[in-house]
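Next up is a structure, given as structure tokens.
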Amino acid sequence: MFIPSAPHDAGTAIGAAFVVHCAKQKSLPERGNSSPYLGPAFDRREILAAVKSAGFTPRRSKAPARDAADMIADGKIVAWFQGRMEFGPRALGNRSLLADPRRPDMRDILNRRVKHREDFRPFAPSVMAERADEWFEIGAHSTRS
């Protein structure tokens, strides 16, 4: 099974077009030639201008992952932005909101104050693979073939 990276409503249309293309070419899709990072990239000058125009003071971190983890542990919401943007409206790691999922009110805070959207919208948790069974009921681990 091949799933192209289009995690939004257009994914169905893109997937259907891909099936037709492969059928006409009489070939299967090649593995490993897909990336969700098809959106634009921004240079340092553009990023600094956007940060300043939003009323924030930019600062450079020598340990961005550690600083983000510390801010999240302190109850802050971190806007993570790196590299090219993902294709489509769903964040896949290069542009994501990071927050502490242990706070029962965090989903409401993100939906109401940050995203300005309906309360029922979910968020996806991220954990290190080797610690996933501490947070989720995993069952049997899948294998790659």
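What follows draws every value from the coordinates through simple rules; no lab data is involved. What you are looking at is a predicted structure, and each value in this text was computed from that prediction instead of being measured. All Cβ positions, glycine included, derive from the backbone under ideal geometry; neighbour counts span all protein chains shown.
Mind listing whichever residues of the stretch 103-123 are surrounded by fewer than 10 Cβ atoms within 10 Å (Cβ to Cβ) and either within 18 Å of Ala73 (Cβ to Cβ) or aromatic (Phe, Trp, Tyr) (or both)?
Taking the stretch 103-123 first, the residues surrounded by fewer than 10 Cβ atoms within 10 Å (Cβ to Cβ) are 104-105, 113, 116, 118-120, 122.
Selection gives Pro104, Asp105, Phe120.
While we're looking at this one, here's another question. So the check is Cβ under 8 Å with 6+ separation or different chains; which pairs have a first residue in the stretch 53-72 that's within 18 Å of Leu98 (Cα to Cα) and a second one that's of a type in the set (Asp, Glu)?
Qualifying pairs under 8 Å: Ser61/Asp67; Ile72/Asp100.
Given (1) part of a loop (DSSP other than H, G, I, E, B); (2) of a type outside the set (S, T, N, Q); (3) touching a Ser or Thr at 6+ places or on another chain (Cβ under 8 Å), identify the lone condition not met by Arg117.
All conditions are met except number (3).
Here's a follow-up. Do we have Pro89 as touching a residue at least 60 places away in the same chain (Cβ under 8 Å) and either surrounded by 14 or more Cβ atoms within 10 Å (Cβ to Cβ) or part of a loop (DSSP other than H, G, I, E, B) (or both) here?
Criteria met by Pro89.
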